[in-house]
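Comments concern the structure below.
The values are calculated or read from the model by the stated rules, or taken from the named source; none is laboratory data. All values reported here derive from a predicted model rather than from experimental measurement. Cβ atoms come from the backbone with ideal geometry, glycine included; neighbour counts cover every protein chain shown. When the accessible area is computed, the model is the full protein with side chains, heavy atoms only, and any ligands, DNA or RNA have been set aside. Shrake-Rupley method; radii C 1.70, N 1.55, O 1.52, S 1.80 Å.
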Amino acid sequence: MGWVIAIIDYGMGNLRSVQKCLEKNGFRTAIVSSPDGLAGAGGIILPGVGAFEDAVVNLRSRGLHRAIREAADKGQPVLGICLGMQLFFEVSEEGGSCEGLGIFSGRVRRFAGDLKVPHMGWNRVELRGANPLFEGIPDGSYFYFVHSYYVEPAAEEYIAGETEYGGRFVSAVADRNVFGVQFHPEKSSDLGERLLYNFGKLVESC
C-alpha cells in the first residue's frame, strides 16, 4: 500500500491508537506536527480530545490551521475525529465563542438541559445516504462516544450520520473529500476499524 496517511500531532489527540489501527491493516502512516509533514501525504487525519480553544491555539502556533484548509481545498482526503471534526466548523460556543477552521459552515454547541455530560459510551449512528467512509457498515451500528459538544451544520447536505441523545444530533459529516465523525473509531472495535480501513482505501484511490 502506497500513500502515507498523516496523523496530526498538535498535543490534543489519541494518536497511537489511530495509528496502530491503520497500520494493522497495512496502511503507511506518519505522525506529523508541522505543515511540511502534510505536504507529501495522501490523506490527513485530525484526531482530538480536550478543549476547542486550546486546540485552535495549538494548531495556529504550529502553522497547521492554514495547512489543513489548503489540503482540504486541494482535494486531499481529510478525516476529523471527535474534537477534530468540531474544529472543521466555523465557530464553537465552548469558552464563549471561538473560531474554528471554517471548512464546514455551522457551529459547535453544548448539550443543553438535564442531559448527563459528557455523552459517554456506545450509541447508534443512523446513516444519511451512501458514504464511502461507512461502506460495509450497517445502518444503526454502535460506536463509542465521549463528548460534551456536538456540531450543528448550516447545510443539511453535510449530514452523514445522526445519533439520539436527548434528541438527535449530528454524529458524522461529509463534503466531497472531507469527513468527520464525533465518535472514536479507534475505540469502536471491529466497525471502527472498518471505518478507518475505508478511509485508508479512499486515500489510496485518490
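Applying the condition of being surrounded by 15 or more Cβ atoms within 10 Å (Cβ to Cβ) and not hydrophobic (A, V, I, L, M, F, W, C) to segment 37-57 and asking which residue is nearest to G100 (Cα to Cα) yields E53. Going through Y158, Y144 one at a time, which residue ends up being within 24 Å of A6 (Cα to Cα), touching an Asp or Glu at 6+ places or on another chain (Cβ under 8 Å) and hydroxyl-bearing (S, T, Y)? Only one candidate qualifies: Y158.
Return only the number of the condition from (1) surrounded by 15 or more Cβ atoms within 10 Å (Cβ to Cβ); (2) in contact (Cβ under 8 Å) with a residue 24 or more places away in the chain; (3) over 16 Å from E204 (Cβ atoms) that S34 does not satisfy. All conditions pass for S34, except number (1).
Filtered by the rule that a residue be at pLDDT 95 or above and open to solvent by 10 Å² or more (accessible area, probe 1.4 Å), segment 87-98 gives E90, V91. Does segment 194-205 contain any residue that is modelled with pLDDT under 95 and either of a type in the set (F, W, Y) or within 18 Å of V18 (Cα to Cα) (or both)? Within segment 194-205 (the criterion being modelled with pLDDT under 95 and either of a type in the set (F, W, Y) or within 18 Å of V18 (Cα to Cα) (or both)), the answer is yes, since at least one residue qualifies. Within segment 131-153, the set of residues being of a type in the set (V, I, T) and either part of a loop (DSSP other than H, G, I, E, B) or open to solvent by 40 Å² or more (accessible area, probe 1.4 Å) (or both) comprises I137, V146. Has segment 166-188 got at least one residue that is surrounded by 20 or more Cβ atoms within 10 Å (Cβ to Cβ), at pLDDT 95 or above, within 28 Å of F27 (Cβ to Cβ) and of a type in the set (D, E, K, R)? Within segment 166-188, one or more residues are surrounded by 20 or more Cβ atoms within 10 Å (Cβ to Cβ), at pLDDT 95 or above, within 28 Å of F27 (Cβ to Cβ) and of a type in the set (D, E, K, R). Checked against the criterion of being more than 21 Å from G40 (Cβ to Cβ), acidic (D, E) and open to solvent by 50 Å² or more (accessible area, probe 1.4 Å), the candidates D73, D114 yield just one match: D114.
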